[in-house]
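Trainee: Before anything else, here's the structure in question.
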Amino acid sequence: MNPKFLAPLLLLALVSATAGAADFGADYPYPVPLGLPAPQVPADNPITDGKVALGKVLFFDKRLSRDATISCSSCHDPAKGWTDQSPVSTGIRGQKGTRSAPSVLNAAYMETQFWDGRAASLEDQAKGPIENPLEMGFNHAELVARLSAIQGYKPLFKAAWGDDSVSIDRIAASIASFERTVLTGNSPYDRWVAGDHNAMSQAAQAGYQLFIDKDRANCIGCHSGPNFSDSKFHNTGIGADEPGRMAVTHNPKDMGAFKTPTLRNLKSTGPYMHDGSRKTLIEAIDLYDDGGIKNPNLDEKIKPLKLTEIEEAALGYFLQALNGDPVNITAPPMPQ
């Protein structure tokens, strides 16, 4: 590999190896796609086959919503890049939300969950949509009662937890365990980094150079690490009048700041941005080329780039080279 590529690649590896290491413990027992480190698993929720199997069923079960019409997979559809490919999601009774559903793909690598980071873990995140009146519109206690009455769930909970007792914490922990297995890698970029010099086109390699060049596109300033996200929050000007991260920190400087999404498998996860306002990758690139949308809290890293059409196209080719293996999972039979 050309030596000029090595320094940024080593930086990406270092960031991924050290982020959050002090907060997590248990081992990850499953194969990991090329280009990714093993996900860090909370010590208080070690991942097991039983939990993953139960979490998979729960993820697809529409009975987790009040009227049994919406499941986790309704907004995070494996056939649609584990999102719903809509600007905003639709909940029970056809109600529209206010955010685009983030993909579950590689969510295991995010330090916090939701666009504003209000959930500290996948376990915390799994509880939120159940009680959100615009999403599943249910109640945790009522959900526990409903699932406890379904005989087919008893052996699944026993296999996962040692007994058949149902609780919201067990429900959330099982869903989180399943979601930690939804990983995508082995993209042309990953194969190129691994030594396959023909895995990425020359155009994509030119785009990569722009991506990491701090004096040009500087995409790596926010889209760092093997998941191409720093898990931090930035104001691009889209949604500048929304609370964003400020809803969590109560710091006015965080007004309009939203979490950096992964750039992996973008071919399947559009439209883009937290409100789905950018339908295509070129529209998203244009936003950054223009220097975002001016507002008092615009992130200091975002400046006009003045890229040429050829440079924008090269960035697009590199982003396409981050499309890895799809994770195709079909809904399992529902317990009765």
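FYI, it's all coordinate maths here, none of it is from the lab. Quick caveat: nothing in here was measured; it's all calculated off a predicted structure. Note that we place each Cβ from the backbone using ideal geometry, even for glycine, and neighbour counts take in every protein chain shown.
Trainee: Out of TYR109, CYS72, GLY55, whose Cα points farthest toward the positive end of the dipole of the range 46-134 (charges: +1 Lys, Arg; -1 Asp, Glu; placed on Cβ)?
Mentor: The Cα lying farthest towards the positive end belongs to CYS72.
Trainee: May I ask you to list the trypsin sites (Lys or Arg not before Pro) in the range 179-225 that are in a DSSP loop and have at most 13 other Cβ atoms within 10 Å of their Cβ? Walk me through the intermediate numbers first.
Mentor: On the way: sites: ARG180, ARG191, LYS214, ARG216; in loops: ARG180, LYS214, ARG216.
Listed in order of number, the matching sites are LYS214.
Trainee: Shifting gears a bit: Taking 2.2 N^0.38 Å as the expected size of a compact globular protein, what ratio does the Cα radius of gyration of the range 188-320 give against it, to two decimals?
Mentor: On the way: Rg = 15.1 Å, N = 133, 2.2 N^0.38 = 14.1 Å.
It is 1.07.
Trainee: Kindly flag which residue pairs out of LYS80/LYS154; LYS127/LYS301; LYS279/LYS306; LYS127/LYS294 have an alpha-carbon separation exceeding 29 Å in this structure. Intermediate results must be reported in sequence, preceding the final value.
Mentor: Details: LYS80/LYS154 31 Å; LYS127/LYS301 34 Å; LYS279/LYS306 21 Å; LYS127/LYS294 35 Å.
Long pairs (Cα-Cα over 29 Å): LYS80/LYS154; LYS127/LYS301; LYS127/LYS294.
Trainee: Taking θ = phi - 60°, what integer Hz values does the Karplus form 6.51 cos²θ - 1.76 cosθ + 1.60 yield along the range 151-156, in sequence order, with x for Gly and Pro?
Mentor: So the J values, rounded to whole Hz, are 4, x, 7, 4, x, 5.
Trainee: Further question: In whole Hz, what ³J(HN,Hα) sequence does the range 132-143 give by Karplus (6.51, -1.76, 1.60; θ = phi - 60°), x for Gly and Pro?
Mentor: Karplus-based 3J(HN,Hα) across the range 132-143 equals 5, x, 8, 10, 8, x, 10, 9, 4, 5, 5, 5 Hz.
Trainee: Sort largest first and round to whole Å: the equivalent ellipsoid semi-axes of the chain, each the square root of five times a Cα gyration tensor eigenvalue. Let's see the in-between values first.
Mentor: Working: eigenvalues 245, 107, 60 Å².
With the √(5λ) rule applied to the chain, the semi-axes are 35, 23, 17 Å.
Trainee: Right, something else. Gain in length, MET334 to LYS232, computed as 0.36 nm per residue apart minus the alpha-carbon separation, to one decimal in nm?
Mentor: Values: separation 102, 0.36 × 102 = 36.72 nm, distance 3.71 nm.
Full extension of this stretch gives 33.0 nm more.
Trainee: Also, quick follow-up: Give a residue-ordered list of calculated ³J(HN,Hα) values for the range 268-277 (Karplus: 6.51 cos²θ - 1.76 cosθ + 1.60, θ = phi - 60°; whole Hz; x for Gly, Pro).
Mentor: Residue by residue, the range 268-277 yields 10, 10, x, x, 10, 6, 5, 10, x, 7 Hz.
Trainee: Then there is this: What is the spin-label model distance, in nm, from LYS214 to GLU300 if the labels are put 7 Å beyond Cα along the C-beta direction?
Mentor: According to this spin-label approximation, the distance is 1.3 nm.
Trainee: Could you work out Rg/(2.2 N^0.38 Å) for the range 111-176, with Rg from alpha carbons only? Display every interim value, and only then the final one.
Mentor: Numbers: Rg = 12.8 Å, N = 66, 2.2 N^0.38 = 10.8 Å.
For the range 111-176, the normalised Cα radius of gyration comes out at 1.19.
Trainee: Could you give the length gained by full extension between ASN198 and ALA68, i.e. 0.36 nm per residue of separation minus their alpha carbon distance, to one decimal place?
Mentor: Working: separation 130, 0.36 × 130 = 46.80 nm, distance 4.87 nm.
That works out to 41.9 nm of additional length.
Trainee: What is the set of long-range amide H partners of ARG278 at a cut-off below 5 Å, with H atoms built 1.01 Å from backbone N?
Mentor: Those lying under 5 Å, H to H, from ARG278 are TYR272.
Trainee: Using Cβ contacts closer than 10 Å as the measure, can you line up ASP77, ASP27 from fewest to most?
Mentor: ASP27, ASP77
Trainee: Next question, about the same structure. Given DSSP loops and a limit of at most 16 other Cβ atoms within 10 Å, what is the longest stretch of the chain that contains no such GluC sites (Glu not before Pro)? Write out the running numbers ahead of the final one.
Mentor: Values: sites that count: GLU111, GLU300.
In short, 112-299.
Trainee: Convert 4 °C to kelvin, take the viscosity as 1.567 mPa s, use the Kirkwood radius over C-alpha pairs of the range 49-179 as Rh, and evaluate the Stokes-Einstein diffusion coefficient in µm²/s, rounded to a whole number.
Mentor: Numbers: Rh = 14.7 Å.
The diffusion coefficient I find is 88 µm²/s.
Trainee: Right, another one. Roughly what would the spin-label model give for THR280 and LYS253, points 7 Å off Cα along C-beta, in nm?
Mentor: About 3.8 nm separates the two model spin labels.
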